Amino acid sequence: MTDATVSEAGHRLKPLSPAMLRELSVRSNLRGAAQSLGHYGMIALVGALIWMVSSRYGIVWALPLMVAQGYLTAFLFMAVHETAHKTAFRSRGLNLAVGYLSAFIIGLPYEYYCLFHWDHHRYTQDPEKDPELIVGVRPKSDTQLAIAYSGLLQVAGRLWLMLGHAATGKVVVPWIPGNKRSVIVREARTYGALYVLLLALSLWFSSALLLWVWIVPLLIGQLFLRPYLYAEHTGCDRTRSAFQNTRTTYTGTIVKWIAWNMPYHVEHHAYPSIPFHALPRLNGIVDGEIVYRGRGYIRTTRETWAWFRQHRSIG
């Protein structure tokens, strides 16, 4: 994943100078810790409130809290993403620790995702090589489209793939090189064993704690995460230029915080070595070069939904 300095013919790119790139690319353990602890602190707080309210008044009264918990928990995907780039912290060890923990919570094996995401950056919007397009849902009806936007198929798909890796010991997807396949199998088996252990402990103690503060909220949270992820590239050009094949969505401060500033997605794809906390500054430099500009996630989701429907009918 290299930083962009050139663009395709016909699009003027304002590159960063080497000095500016070095300055913006400085990683910070402090900034990474503040973001991680803030995100996990909110999850712990809302989780405690869910358990307290459900214990005293019943689970129905805790449903609004579970929606909030779902949003926070599903968006730990952003912690996985940033640590996959090793830009969340200056320390490699901290990147790995937060990455592995966050990946385990959302059911997305960390080493597998790092390799998947590497090819996504190398081949963004290439229908033959971009893993996001290869595994992407191709809805043929509005019902299938609604299911795709729920995110449940994507979660089921990655869990099924992980189970396949663990059970068969084989990895055949093209974005995993041969010398990494044993790592992916070992990782899948470790995740599976830990999930079984947590299930066994829950049954042993007759506790529904993990169900109500983790599993159900995580599934609810896909309703927020999947439309967000579709906004990143859906309907953008299939070119090599990050300024044309990716969308930046302008949204509120809270959404940007929960998403680790990844709504600045053009900026991230153009300069992937720049950490999450510097993306607002980068936006101020390259904003005029951005082609696809989302105006909030409600409006952008309407646009991506319409794009899927249009291309379903003509393709």
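Points to keep in mind about this one:
- Only Cα sites of region 1-140 enter the Debye sum here, all with the same form factor; the resulting log10 I(q)/I(0) across q = 0.10, 0.20 1/Å is -0.50, -1.20, listed in q order.
- Cα-projected label distance for Ala97 with Arg138, points at 7 Å along beta-carbon direction, nm: 4.5
- Principal axis dimensions, region 90-190 - Cα atoms, whole angstrom, descending: 44, 32, 26
- Three-way shape label, the chain, alpha-carbon gyration tensor, a/c 1.5: rounded
- Ordering of 70-83, 146-159 by packing [mean C-beta count within 10 Å, highest first]: 70-83, 146-159
- Accessible area per residue for the chain is 49 Å², calculated with a 1.4 Å probe on protein heavy atoms, without ligands, DNA or RNA.
- Difference of contour (0.36 nm per residue) and Cα-Cα distance, Thr168 to Asn29: 46.1 nm
- Prolate/oblate/rounded label for region 96-255 (Cα gyration tensor, a/c 1.5): oblate
- Solvent-accessible area, 1.4 Å probe, carbon plus sulfur percent, for the chain: 65
- Relative contact order of the chain, defined on C-alpha pairs under 8 angstrom at six or more residues apart (%): 24
- Within the chain, helices built from complete DSSP H runs that reach 30 Å or longer along their own axis (Cα positions) and carry a mean Kyte-Doolittle hydropathy of 0.0 or higher are 29-57, 181-204.
- Over the chain: helical MRE at 222 nm, DSSP H runs n ≥ 4 each giving -39500 (n - 2.57), nearest 500: -19500 deg cm²/dmol
The values are calculated or read from the model by the stated rules, or taken from the named source; none is laboratory data. Since we're looking at a predicted model, the values are computed, not measured. Reconstructed Cβ throughout: ideal geometry from the backbone, glycine too, with neighbour counts over all protein chains shown. For the accessible areas, the whole protein counts, side chains as well, though only heavy atoms, and no ligand, DNA or RNA atoms are used. Shrake-Rupley method; radii C 1.70, N 1.55, O 1.52, S 1.80 Å.
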